[in-house]
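The values are calculated or read from the model by the stated rules, or taken from the named source; none is laboratory data. Predicted, not measured: the structure shown is a model, and the values here were computed from it. All Cβ positions, glycine included, derive from the backbone under ideal geometry; neighbour counts span all protein chains shown. Quick note on the areas: whole protein, heavy atoms, side chains included, nothing else; ligands and nucleic acids left out. Shrake-Rupley method; radii C 1.70, N 1.55, O 1.52, S 1.80 Å.
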Amino acid sequence: MLPVHDLPADNLFRLYVKDGERTRIMLWFRCSNNGDLVTRAFSNGRNLFEVMGNFDHGRFQPTTAPEKIDGLSGNDVADHLHLTFHPSIKKPTPVLNGIKRRTNIPRIDLRTLDRLQQVATHLLASPKHYPVEAPKPEKPGGQYHAVLENPYGPQQPRITFWVAPIQRSVMQVAERDVLPGCFIYARVSPKSLGHDLLLQVQQDTMPYSEYGDMHILAAPIV
């Protein structure tokens with residue numbers, strides 16, 4: 001049986017990483033009642049790059065060399081904006097807001113999503129770039145979380161977000177909508193959508209690039 005979290009809309013699901021005896025907050029994600037999907041990373045590393053590429057069978061394939069982002073102020077909130085898919089805006093396509101207020105149009109619209117599809121990738125920076133914080137399940141909003149146990153090794157850890165539309169009236173999930181091997185399966189019921197969303201998060205690794213320890217958030221765009 002698939003262990004699926006019933007994640008209420010507008011609630012945060014927090015991802016932590018184990019660093020020796022400590023845990024660090026890596027990012028959170030949230031699906032709002034209006035259908036927006038938000039991922040907010042907490043990396044404060046200065047080694048930030050921007051790279052163009054495509055998603056091929058769930059793998060990000062760069063098409064340009066990474067370009068270092070200049071002009072970062074050291075302000076984590078201002079410099080490391082979250083990725084947000086906005087199906088709720090009054091335009092024909094959603095909008096993705098990235099680092100330093102860059103705006104792109106993704107090729108995914110959660111309103112019309114008709115199959116399992118990758119929506120975002122997060123390439124982990126070193127643990128030192130994430131704030132020390134432990135899960136607090138006893139506090140309101142703290143019960144939805146997962147901890148990555150010692151994911152660092154000879155290759156760089158990567159987590160990938162997938163979303164599948166599932167019928168709201170049916171409790172069982174079709175096999176075609178499930179990606180095996182994920183460490184998070186969360187079902188959300190946004191009020192503005194006529195169906196539920198199954199959010200799935202996968203962990204794997206990839207070789208470190210020639211540019212070293214990079215923190216990357218990526219999403220498929222037009």
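A few points about this structure:
- Sole residue being surrounded by 15 or more Cβ atoms within 10 Å (Cβ to Cβ), at pLDDT 80 or above and out of contact with any His (no Cβ under 7 Å at 6 or more places or on another chain), chosen from L83, L72: L83
- Scan the range 129-150 for residues that are under 20 Å from the mean Cα position of the chain (by Cα) and more than 20 Å from T39 (Cα to Cα) and the total you get is 2.
- Qualifying residue in the range 172-182 (condition: over 16 Å from R115 (Cα atoms) and in contact (Cβ under 8 Å) with a residue 60 or more places away in the chain): no
- Scan of the range 135-187 for residues that are aliphatic (A, V, I, L, M), in a loop (DSSP other than H, G, I, E, B) and touching a strand residue (DSSP E or B) at 6+ places or on another chain (Cβ under 8 Å), ordered by number: V173, A174, V178, L179
- Hits in the range 88-128 (condition: in contact with a Leu (Cβ under 8 Å, 6 or more places away or on another chain), part of a helix (DSSP H, G or I) and more than 18 Å from F29 (Cα to Cα)): K100, R101
- Among the residues here, D109 qualifies as over 26 Å from K18 (Cβ atoms), open to solvent by less than 30 Å² (accessible area, probe 1.4 Å) and in contact (Cβ under 8 Å) with a residue 12 or more places away in the chain.
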